[in-house]
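Chemist: Here it is, the structure, as structure tokens.
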Amino acid sequence: MRITTLVENVSTDPLLGSEHGLSLWIETESRKILFDSGATTLFEENARVLGVDLSKADFAVLSHGHWDHSGGMNRFLALNGHAPIYLKETALGSFYSKRDEETLVYAGLDEELKQSDRFIFSDEYTDLGDGAFLFGRIEGTEFVPEGNRTLYVERDEVMTVDPFDHEHYLGIEENGEKVLFSGCSHLGIVNIVEQYRLLKGHYPTRVIGGFHLSKIDPHNSDDFHILKEIAARLLESGAIFYTGHCTGEASYQILKEYMQEHLEYLPTGRVLEFP
């Protein structure tokens, strides 16, 4: 399995751009998968530099209904004439981000994208074949990110705090590796990893994605304790974690201090290869 980071918040290569977003290119023995598309068409430019042919994707996965993961999907549909996009139907909703006490900014999918006929809606568990699957029901409620409190959804003309029932996760098991992909982990990375174990009977060996911990203040004693607890719980899985995007640099540094070799950063352009 080979995973190429097409877009992330940070780039260490002058030939590759970065933005607030996430996009991964996944190659298994049998298929090629686009996991999220970042905030703009930058993923296409970086893919070209990295030698990735987006027209060869067998399917795409949209992790949830936010702009910084879906912004390039219209371009992907134009580049690739056959690949479906897997998402939860609730990802087509009207999502907003609270910028200040009075301002809500639209944070959902582009309206044109919502009209696509290439969507396949996932269930609580969707078997994609060849060791790949999607799951979207999370039972645990521990360490749900504080940053969720400023994110809203409008349903039936009522604005409420987003429950993130539009988020789902990709698992791929191949050649002994069990890899979990999560876009932003709005329902809590500890809960998502635990749900994987409940579904499959074992923990993932690798976990890739954002943890949505950028709103945590490591200088606050309560927040610092939360990060330590998250690190301890993630270490219990034995998995290696690769993160970035919405995890936040300060939170990453605290987690890294406790998780050591079990946590690595995943900047734009990084390539992971597993046997």
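The values are calculated or read from the model by the stated rules, or taken from the named source; none is laboratory data. Just so we're clear, the structure is a prediction, and the values are computed from it rather than from any experiment. With ideal geometry, Cβ positions are generated from the backbone for all residues, glycine too; neighbour counts draw on all protein chains shown.
Chemist: For Arg233, all conditions in the list (1) in contact (Cβ under 8 Å) with a residue 60 or more places away in the chain; (2) buried (at least 20 other Cβ atoms within 10 Å of the Cβ) hold save one; what is the number of the exception?
Modeler: Result: Arg233 fails condition (2) only.
Chemist: Something else: Got at least one residue in the stretch 204-215 being hydrophobic (A, V, I, L, M, F, W, C), in contact with a Lys or Arg (Cβ under 6 Å, 6 or more places away or on another chain) and either buried (at least 19 other Cβ atoms within 10 Å of the Cβ) or more than 20 Å from Leu24 (Cα to Cα) (or both)?
Modeler: To start, the set of residues in the stretch 204-215 that are hydrophobic (A, V, I, L, M, F, W, C) comprises 207-208, 211, 213.
Now restrict to residues that are in contact with a Lys or Arg (Cβ under 6 Å, 6 or more places away or on another chain): none.
No: zero hits.
Chemist: Against the definition (at pLDDT 95 or above, part of a loop (DSSP other than H, G, I, E, B) and over 23 Å from Lys178 (Cα atoms)), how does His82 come out, yes or no?
Modeler: Spelling it out, His82 is indeed at pLDDT 95 or above, part of a loop (DSSP other than H, G, I, E, B) and over 23 Å from Lys178 (Cα atoms).
Chemist: While we're looking at this one, here's another question. Filter the stretch 151-183 down to residues that are over 18 Å from the mean Cα position of the chain (by Cα) and crowded, with 16+ Cβ neighbours inside 10 Å, then give me how many there are.
Modeler: Let us first name the residues in the stretch 151-183 that are over 18 Å from the mean Cα position of the chain (by Cα), namely 152-161, 174-177.
Filter again for crowded, with 16+ Cβ neighbours inside 10 Å, leaving 152-154, 174.
The total comes to 4.
Chemist: Please find, within the stretch 1-60, the residue that is farthest from the chain's Cα centre (by Cα) out of those that are among the charged types (D, E, K, R) and crowded, with 24+ Cβ neighbours inside 10 Å.
Modeler: The selected residue is Glu8.
Chemist: Continuing with the same structure: Quick one: what pairs do we get from the stretch 246-275, first residue touching a residue at least 60 places away in the same chain (Cβ under 8 Å) and over 30 Å from Lys32 (Cα atoms), second surrounded by fewer than 16 Cβ atoms within 10 Å (Cβ to Cβ) and among the β-branched types (Val, Ile, Thr), C-beta under 6 Å, 6+ apart or different chains?
Modeler: Filtered contacts from the stretch 246-275: no entries.
Chemist: Of these, Leu113, Leu109, which one is assigned to a helix (DSSP H, G or I) and among the aliphatic types (A, V, I, L, M)?
Modeler: On the way: Leu109 fails: assigned to a helix (DSSP H, G or I).
Of Leu113, Leu109, the one residue that is assigned to a helix (DSSP H, G or I) and among the aliphatic types (A, V, I, L, M) is Leu113.
Chemist: Looking only at the stretch 29-60, which residues are in contact with a His (Cβ under 8 Å, 6 or more places away or on another chain) and touching a residue at least 40 places away in the same chain (Cβ under 8 Å)?
Modeler: Asp36
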